[in-house]
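Student: Dumping the structure here so I can ask a few things about it.
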Amino acid sequence: MAPSLAPSAAGRSTTGGVVLGALAMLVGAATLGFAVNHFSPHGIPVFPQAASTPLPLPAGLKAISPRDAQAALKTAATVFVDARAPQEYAAGHVPGALNIPPSEFEARLLDHLDAIEGARAIITYCQSVECSEAVEVGERLLESYHGRVYVLEEGWRGWQAAGYPVRQGARP
Amino acid sequence: MAGLAGGGLPRPPGCPAVTARRRPTWLAHPAVGAVCRVLLGGIFVYTAVPKLMRPDEFARLVYGYRILHPDMVNLVGITLPWVELVAGAFLVVGLLPQSAALLIGAMLLMFIVAGSLALLRGLQIECGCFFPLLGGHKLGWDVLVRDALLLLPAAQVLAWPSSFVPRRRR
């Protein structure tokens, strides 16, 4: 083995030196991350309160916490849209929520057109934080609907976990 | 910098820093060190790139672990991939190898703790480790075992730092 690859070639640092080096690396890398994020087209807000969304969502969609959504439930001007499959909807949904899965978007939208058009805001949700149906339905709603469209942050699971009202059956 | 912090007493140029009581074994062999650095650092660089290209998607995966406060999720989504990349690159090259190994070891421990908490709470989530944007890689105990195994090369580098960078003589 070449002498330059001897174990001591890198030099053995003191514990303090090693920790300091690691901290410097951490700070340097984080700074680089912030800088790149600032200029990147895929950049996200560092602290999401301003956008009220911890979930980076497509333009036009905003996230809403289960607590805020529950507050909105009390105002008739907000319409909930359940983007899950009809069986999941029937097993339990937000009271008053309209069932519009992406696979039946057009037909279901026509069924509920009056309610959608009269809404001041729409809140979509699917099963959990990682599902994509709520985002998909939200994006398609934005094509024709001009109010605000929110995605429920934790989805149906978050709503259930918070102990908020639940209704069963195929009717809203 | 690795060669600058060499303890209290000045060391003659080129003098090995191996202490007398630590008898070098095959583990201390520089070739083993090189393999450990390239393997571990390479994995971190390789997996960091897709994450740092899409901080929004990575932040969503971090959010899935439900450990951090939602306000902190984006902060981690933005910075963690870059810390992985920089530490991995430093480790491969052998710049501040012990610091890079320490940082990577700390990240691995963090992944193990976060993953264990998620699994113990019964969360079925994407692991977000190797190909976070391709999906399909569920978080499981196998992932955590692999993370634990990766602690071994990190420990090797911490114990016997090696480098591809020739040491500067002062």
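The values are calculated or read from the model by the stated rules, or taken from the named source; none is laboratory data. In this text, all values refer to a predicted model and were calculated from it rather than measured experimentally. Positions of Cβ are generated from backbone atoms using ideal geometry, with glycine treated the same way; all protein chains shown enter the neighbour counts.
Conditions tested, residue by residue: (1) on the phi < 0 side of the Ramachandran plot; (2) at pLDDT below 95.
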{"position": "A:Thr31", "(1), (2)": "yes, no"}
{"position": "A:Pro41", "(1), (2)": "yes, yes"}
{"position": "A:Ser52", "(1), (2)": "no, yes"}
{"position": "A:Leu61", "(1), (2)": "yes, yes"}
{"position": "A:Ala69", "(1), (2)": "yes, yes"}
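Student: Where in the stretch B:48-153 are there helices (runs of 4 or more DSSP H), lying wholly inside it, with at least 2 residues that are under 30 Å from A:Thr15 (Cβ atoms), without any contact (Cβ under 8 Å) to a residue 40 or more places away in the chain and out of contact with any Lys or Arg (no Cβ under 8 Å at 6 or more places or on another chain)?
Tutor: Hits in the stretch B:48-153: B:70-93, B:97-120.
Student: Across the stretch B:57-102, which residue is surrounded by the most Cβ atoms within 10 Å (Cβ to Cβ) among those that are under 18 Å from the mean Cα position of the chain (by Cα) and on the phi > 0 side of the Ramachandran plot?
Tutor: My answer is B:Leu96.
Student: Can you name the residue in the stretch A:61-88 that is within 20 Å of the chain's Cα centre (by Cα) and hydroxyl-bearing (Ser, Thr, Tyr) and, of all such residues, is farthest from A:Val149 (Cα to Cα)?
Tutor: A:Ser65
Student: In addition: Which of the residues belonging to the stretch A:104-114 are surrounded by 11 or more Cβ atoms within 10 Å (Cβ to Cβ) and either of a type in the set (Ser, Thr, Tyr) or under 24 Å from the mean Cα position of the chain (by Cα) (or both)? Explain how you work it out, then say what you get.
Tutor: We begin by selecting, within the stretch A:104-114, every residue surrounded by 11 or more Cβ atoms within 10 Å (Cβ to Cβ); these are A:104-105, A:108-109, A:111-113.
Of everything in the stretch A:104-114, those that are surrounded by 11 or more Cβ atoms within 10 Å (Cβ to Cβ) and either of a type in the set (Ser, Thr, Tyr) or under 24 Å from the mean Cα position of the chain (by Cα) (or both) turn out to be A:Glu104, A:Phe105, A:Arg108, A:Leu109.
One line per residue, one yes/no per condition, for (1) at pLDDT 90 or above; (2) within 20 Å of the chain's Cα centre (by Cα):
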{"position": "A:Tyr125", "(1), (2)": "yes, yes"}
{"position": "A:Ser132", "(1), (2)": "no, yes"}
{"position": "A:Leu152", "(1), (2)": "yes, yes"}
{"position": "A:Tyr164", "(1), (2)": "yes, yes"}
{"position": "A:Arg171", "(1), (2)": "no, no"}
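Student: In the stretch B:25-62, which residues are modelled with pLDDT of 85 or more and among the polar types (S, T, N, Q)?
Tutor: B:Thr47
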